[in-house]
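Working notes, beginning with the structure itself.
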Amino acid sequence: MPKLATRLILLTAIVATISCDRFTKHVATRALAGAPGLSFVADTIRLEYAENTGAFLSLGADWPAWMRTSIFGIGNALLLCGLVATAIRLRWRRPALLGVSLFAAGGASNLLDRVIYGNVIDFMNVGIGSVRTGIFNVADMAIMLGAAIVLWASYRADGDIGQ
């Protein structure tokens, strides 16, 4: 596949991920903030508005604001830039680049929430009975899918995901 086509696919993945995340967070804020949660498919899927000042599963939500800003804002931005720079510099193969693109787009969209609102807007929860996930958003799904693709690409390439 030509380089231009690869770049267009990666750019499309990034724009689609960020756009979908921003749109769904906007809808969640309008429809769910201050309202009771919604339940679907025999309570397997729940939609409920949450503002997460921490990280994954509210880790660090009770830390001082300066610490959350340093770690979840500045640290996150540096991590994302470093990951993208590494993937480009080491010329990772296309599947791994797609994974990095999804990971970086999700991370960037959540980072945008932190910069604008001081927290991340979450609204989805899935599970059966008492076995449930934490509340998450579309960006979180992109981050997890991106990480899984990079791991899969690494496994398929016997650990060498570069060209």
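The values are calculated or read from the model by the stated rules, or taken from the named source; none is laboratory data. As the structure is a computational prediction, the values presented were derived from the model and not from experiment. Heads up, the Cβs are rebuilt from the backbone with ideal geometry, glycines too, and the neighbour counts pull from every protein chain shown.
Among A77, A104, A85, which is in contact (Cβ under 8 Å) with a residue 40 or more places away in the chain and of a type outside the set (F, W, Y)?
Values: A77 fails: in contact (Cβ under 8 Å) with a residue 40 or more places away in the chain; A85 fails: in contact (Cβ under 8 Å) with a residue 40 or more places away in the chain.
Among A77, A104, A85, only A104 is in contact (Cβ under 8 Å) with a residue 40 or more places away in the chain and of a type outside the set (F, W, Y).
Hey, does the stretch 137-159 have a residue that's of a type outside the set (K, R), under 19 Å from C20 (Cα atoms) and either assigned to a loop (DSSP other than H, G, I, E, B) or in contact with a Cys (Cβ under 8 Å, 6 or more places away or on another chain) (or both)? Lay out the reasoning, then the answer.
Step one: filter the stretch 137-159 for residues of a type outside the set (K, R), giving 137-155, 157-159.
In the following step, the residues that additionally are under 19 Å from C20 (Cα atoms) were identified as 137-147.
Now drop any that are not either assigned to a loop (DSSP other than H, G, I, E, B) or in contact with a Cys (Cβ under 8 Å, 6 or more places away or on another chain) (or both), which leaves 137-138.
Yes, there is a match, as at least one residue in the stretch 137-159 is of a type outside the set (K, R), under 19 Å from C20 (Cα atoms) and either assigned to a loop (DSSP other than H, G, I, E, B) or in contact with a Cys (Cβ under 8 Å, 6 or more places away or on another chain) (or both).
Being farther than 15 Å from L151 by Cβ and among the aromatic types (F, W, Y) is the filter here; which residues of the stretch 66-102 pass it?
Correct list: W66, F72.
Tell me which of these F123 doesn't satisfy, since it passes every other one: (1) surrounded by 14 or more Cβ atoms within 10 Å (Cβ to Cβ); (2) at pLDDT below 95; (3) of a type in the set (F, W, Y).
F123 satisfies every listed condition except (2).
Can you give me the number of residues within the stretch 17-46 that are out of contact with any helix residue (DSSP H, G or I) (no Cβ under 6 Å at 6 or more places or on another chain) and either within 15 Å of T133 (Cβ to Cβ) or in contact (Cβ under 8 Å) with a residue 60 or more places away in the chain (or both)? If you could, list the steps in order and put the result at the bottom.
Step one: of the stretch 17-46, the residues out of contact with any helix residue (DSSP H, G or I) (no Cβ under 6 Å at 6 or more places or on another chain) are 19, 22-23, 25-46.
The next check asks that each one be either within 15 Å of T133 (Cβ to Cβ) or in contact (Cβ under 8 Å) with a residue 60 or more places away in the chain (or both); those that pass are 22, 25, 28-29, 32, 37, 39-41, 43-46.
Adding up the residues that qualify gives 13.
Answer yes or no as to whether G54 is touching a helix residue (DSSP H, G or I) at 6+ places or on another chain (Cβ under 6 Å), touching a residue at least 12 places away in the same chain (Cβ under 8 Å) and either among the charged types (D, E, K, R) or surrounded by 13 or more Cβ atoms within 10 Å (Cβ to Cβ) (or both). Walk me through it before giving the result.
Numbers: touching a helix residue (DSSP H, G or I) at 6+ places or on another chain (Cβ under 6 Å): no; touching a residue at least 12 places away in the same chain (Cβ under 8 Å): yes; either among the charged types (D, E, K, R) or surrounded by 13 or more Cβ atoms within 10 Å (Cβ to Cβ) (or both): yes.
No; evaluated as a whole, the condition is false for this residue.
Kindly indicate the residue of the stretch 43-66 that is outside any strand (DSSP E or B) and modelled with pLDDT of 95 or more and also nearest to N137 (Cα to Cα) among those meeting that condition. Let's see the steps before the verdict.
Here is the first cut: in the stretch 43-66, the residues outside any strand (DSSP E or B) are 43-44, 53-66.
Next cut, modelled with pLDDT of 95 or more only: 43-44.
On the way: D43: 18, T44: 16 Å.
Result: T44.
Limited to the stretch 1-40, what total is found for residues that are surrounded by 12 or more Cβ atoms within 10 Å (Cβ to Cβ), more than 21 Å from the chain's Cα centre (by Cα) and part of a helix (DSSP H, G or I)?
Number satisfying all stated conditions: 2.
Would you confirm, using the coordinates I've provided, whether I9 is farther than 30 Å from L97 by Cβ, of a type outside the set (G, A, S) and out of contact with any His (no Cβ under 9 Å at 6 or more places or on another chain)?
Details: farther than 30 Å from L97 by Cβ: no; of a type outside the set (G, A, S): yes; out of contact with any His (no Cβ under 9 Å at 6 or more places or on another chain): yes.
For I9, the condition - farther than 30 Å from L97 by Cβ, of a type outside the set (G, A, S) and out of contact with any His (no Cβ under 9 Å at 6 or more places or on another chain) - is not met.
Could you go through the stretch 118-125 and let me know if any residue there is closer than 27 Å to R30 by Cα, of a type outside the set (S, T, N, Q) and in a loop (DSSP other than H, G, I, E, B).
Within the stretch 118-125, the subset closer than 27 Å to R30 by Cα is 118-125.
Next cut, of a type outside the set (S, T, N, Q) only: 118, 120-124.
From the residues that got through so far, the ones that are in a loop (DSSP other than H, G, I, E, B) too are 118.
Taking every residue of the stretch 118-125 in turn, at least one turns out to be closer than 27 Å to R30 by Cα, of a type outside the set (S, T, N, Q) and in a loop (DSSP other than H, G, I, E, B).
Do we find a residue being at pLDDT 90 or above, crowded, with 21+ Cβ neighbours inside 10 Å and part of a helix (DSSP H, G or I) anywhere in the stretch 80-96?
For the stretch 80-96, residues at pLDDT 90 or above, crowded, with 21+ Cβ neighbours inside 10 Å and part of a helix (DSSP H, G or I): present.
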